[in-house]
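Working notes for the structure below.
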Amino acid sequence: MDSRWTRWCVYGLSLVVLVVVWEVAAEQAGLLLASFSETMARLGELVSSGELQSALWSSGRIFVVGLGLSVVAGLPLGLVFARFPLITAAVETYVYALYAIPVITLVPFILSGLGFDFRAKVLVVVLSAIFPILISAMEGARSVPSRLLDVAHSYGSGERQLWADVVIPYTVPYAATGIKQGIAGALVGTIIAELFLNATGVGDLLIRASTNFDSAGALAVTLVISIIAVTFMGISGAIERRFAAWREGLSG
């Protein structure tokens, strides 16, 4: 059997097992955990009423803008930090220190500075997503073998050609991995922003579900968030696989 079909079969089987375990666990937990069938029914209600689409549109704008800014800023900064040792020595410690700070602890400062508006929420998302992207790009640029740079120099490559032909292609798989981590961070940041700054979008749905002890509604929203995350990460993974051969060709 083709390996791709084998993977799909295993994936399908794992989903069946997950649904069965979910149903059994819900039966044992009683009201504390909604079953898969109840969750799907509640999801259908959210879709038919338009609540889910409205919430996703509200949250999606924050997520997309925050993630986009993180990618646009994080990738170039990571490359620059790696290629210029003096800059790296000056900022690397601070980058890792900021990455280690839980974003939720910064929410009061963001609130006092920007209030409850769209900019504040986007800033929370950026702070949640940019550091894994920046660090991955930085480590990727650092890992370029010196012999590749030497060969490029021996053929008269200038700094611009060096970046275009060697550094950026070699760094793409690392960057794609960082973007996958950034996607997860951006989703978490979006939920944090909506829960703690101003209850809108998906955050509002989660708050109302928890307030009303609607475990089916909370699980339905969580399931949709998970599907969105897996979809975006799958796209990033496809880009990573596409450029992995390119990097191997450079390394070979």
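Of note:
- Contact annotation: residue pairs with Cβ atoms under 8 Å, 6 or more positions apart or on different chains, pairing a residue in segment 98-119 that is in the same structural domain as Phe131 (by TED's automatic domain parsing) with a partner that is surrounded by 11 or more Cβ atoms within 10 Å (Cβ to Cβ) and of a type in the set (Ser, Thr, Tyr), are Val103/Ser128.
- Selection from segment 35-61 of residues that are more than 20 Å from Ala199 (Cβ to Cβ) and small (Gly, Ala, Ser): Ser35, Ser37, Ala41, Gly44, Ser48
- Set side by side, the residues Leu46, Leu86, Leu69 differ, and just one is assigned by TED's automatic domain parsing to the domain that holds Ala175 and within 21 Å of the chain's Cα centre (by Cα), which is Leu69.
- Test: Glu139 is charged (D, E, K, R) and either more than 30 Å from Ile225 (Cβ to Cβ) or exposed (fewer than 12 other Cβ atoms within 10 Å of the Cβ) (or both): no
- Check on Glu248, modelled with pLDDT under 80 and assigned to a helix (DSSP H, G or I): yes
- Meets criteria (part of a helix (DSSP H, G or I), more than 18 Å from Arg242 (Cβ to Cβ), of a type outside the set (Ser, Thr, Tyr) and modelled with pLDDT of 85 or more) for Ile179: no
- Screening segment 42-136 for helices (runs of 4 or more DSSP H) wholly inside it with 1 or more residues that are β-branched (Val, Ile, Thr) and buried (at least 21 other Cβ atoms within 10 Å of the Cβ) returns the ranges 51-83.
The values are calculated or read from the model by the stated rules, or taken from the named source; none is laboratory data. A quick note: this is a predicted structure, and the numbers were derived from the prediction, not measured. Ideal geometry is used to build each Cβ from the backbone, glycine not excepted, and the neighbour counts take in all protein chains shown.
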